[in-house]
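What follows is a short report on a single structure.
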Amino acid sequence: MAILVTGGAGYIGSHTCIELLEAGYEIIVVDNFSNSNQESLKRVMEITGASMKIYNISLLNTTELEKVFKRNNIEAVIHFAGLKAVGESVKSPLFYYKNNIIGSINLFELMQKYLVKRLVFSSSATVYGNQEIVPISEDFPLSATNPYGRTKLMIEEILRDLILSDENWCISILRYFNPIGAHKSGCIGEDPRGIPNNLMPYISQVAVGKLKELNVFGNDYSTHDGTGVRDYIHVVDLAIGHLQALKKVMSETGINAYNLGTGRGYSVLELVNAFEKASGKEIPYNICNRRFGDIAICFADTKKAKNELGWEATRGIKEMCADTWRWQINNLNGFN
Ligand code: WQD
């Protein structure tokens, strides 16, 4: 029996594949490598000494995707595959709706057809919209402020309707806060295409001299130093959270959403300072205008995941920065 991992070559997917293989699971990866690199899976196999089946397939290709279900004995699915750049989703909403939602529906229909009803779904704290209150708990109202966030929210709603129609489904929805860091080997890590949208990969590219300086998007927020505060979580902690969620969906029916965060927020300038200490490199920055759509402060209430998944993050900001730096300094051009 195998675990199907869609988007397994991506940043979070590849780190989760390592944890799955090291826990003894047999895995199958489906990825179209549109926003990832097959090299990441090669390195996953090198790090673990294990192997996996890899299918270069888009979730929009139902004919090829069905062959994966026909040819393998799949017992559960961890569904990462999806586009996740907020700005890109605003420019190309139909591309995002088609890729993320139609792709997910194709997957769920085949799971239903082949009686594979155990699912861990990769969602995002972005479904909480512009929350003024922190910490954020899973029962907070849901909303979205951009097409990417709306795809995550819609897929969560689809899953809630699905389980109402068939109570045999077992679904864990995982809402990530801000994943950063890398596997301690320094062999895999975040490898964004083009100029990074997110803070940590931008900082690390400034540190290695690929980018000149960091633009800090506003220092007039109502936070202790005026810059945005986020709940940064080590990607390995996040990966381990998926294994706990997988165990849950293997053992009981129902649907639950869980925050995967640390419950602690760090500001932009705090992260810059932590990275300078970890790398020994100065990160020059300039304060500029706020980025449209950004909120001041966001961090998780983590009690539900601790109580129901037996999971909590253990890696701190120093380790997140040190592990990011090790990946970046050893892979100046990512996987290329
Ligand atoms: C973090 C902080 C910025 C870049 C996004 C997505 C979210 C999720 C995680 C997928 C903010 C500031 C950033 C820069 C900066 N992705 N910043 N200069 O916006 O919290 O969340 O990534 O699920 O859906 O929205 O993360 O890393 O972009 O920003 O000052 O060059 O860093 O203003 O305060 P964000 P981020």
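Given the condition within 13 Å of the ligand (Cβ to nearest atom) and of a type in the set (Ser, Thr, Tyr), answer yes or no: does some residue in region 233-254 qualify? No, region 233-254 contains no residue that is within 13 Å of the ligand (Cβ to nearest atom) and of a type in the set (Ser, Thr, Tyr). Taking each residue of region 56-75 that is aromatic (Phe, Trp, Tyr) and looking for partners that are in a helix (DSSP H, G or I) with beta-carbon atoms closer than 8 Å, six or more apart or interchain, yields Phe69/Leu110; Phe69/Met111; Phe69/Lys113. The criterion of at least 3 residues that are acidic (Asp, Glu) and over 18 Å from Thr126 (Cα atoms) is met by none of the helices (runs of 4 or more DSSP H) falling completely within region 221-336.
Going by the structure shown, is His234 in contact (Cβ under 8 Å) with a residue 40 or more places away in the chain and over 23 Å from the mean Cα position of the chain (by Cα)? It is false that His234 is in contact (Cβ under 8 Å) with a residue 40 or more places away in the chain and over 23 Å from the mean Cα position of the chain (by Cα). Got at least one residue in region 71-84 being crowded, with 22+ Cβ neighbours inside 10 Å and charged (D, E, K, R)? The answer is yes; a qualifying residue exists.
Scanning region 182-198 for residues that are within 13 Å of the ligand (Cβ to nearest atom) and under 18 Å from the mean Cα position of the chain (by Cα) returns Glu190, Pro192, Pro196, Asn197, Asn198. Taken as a whole, the structure leaves Leu260 outside the set of residues that are out of contact with any Gly (no Cβ under 6 Å at 6 or more places or on another chain) and either at pLDDT 95 or above or acidic (Asp, Glu) (or both).
When Arg230 is tested against (1) near the ligand (Cβ under 7 Å from one of its atoms); (2) closer than 15 Å to Cys288 by Cα, only condition (2) is not met.
If you check Ala278 against the conditions, is it farther than 24 Å from Ala85 by Cα, more than 13 Å from the ligand (Cβ to nearest atom) and of a type in the set (A, V, I, L, M)?
Details: farther than 24 Å from Ala85 by Cα: yes; more than 13 Å from the ligand (Cβ to nearest atom): yes; of a type in the set (A, V, I, L, M): yes.
Here the answer is yes, as Ala278 does meet what is asked.
Restricted to region 73-178, the set of helices (runs of 4 or more DSSP H) holding at least 1 residues that are closer than 20 Å to Asn32 by Cα and away from the ligand (no atom under 16 Å from the Cβ) comprises 93-96, 103-113. Here Ile240 does not fit the description of being surrounded by 15 or more Cβ atoms within 10 Å (Cβ to Cβ) and modelled with pLDDT under 95.
The values are calculated or read from the model by the stated rules, or taken from the named source; none is laboratory data. Remember, it's a predicted structure, so these values are computed and weren't measured experimentally. For neighbour counting, all protein chains shown are included, and Cβ atoms are generated from backbone atoms with ideal geometry for every residue, glycine included.
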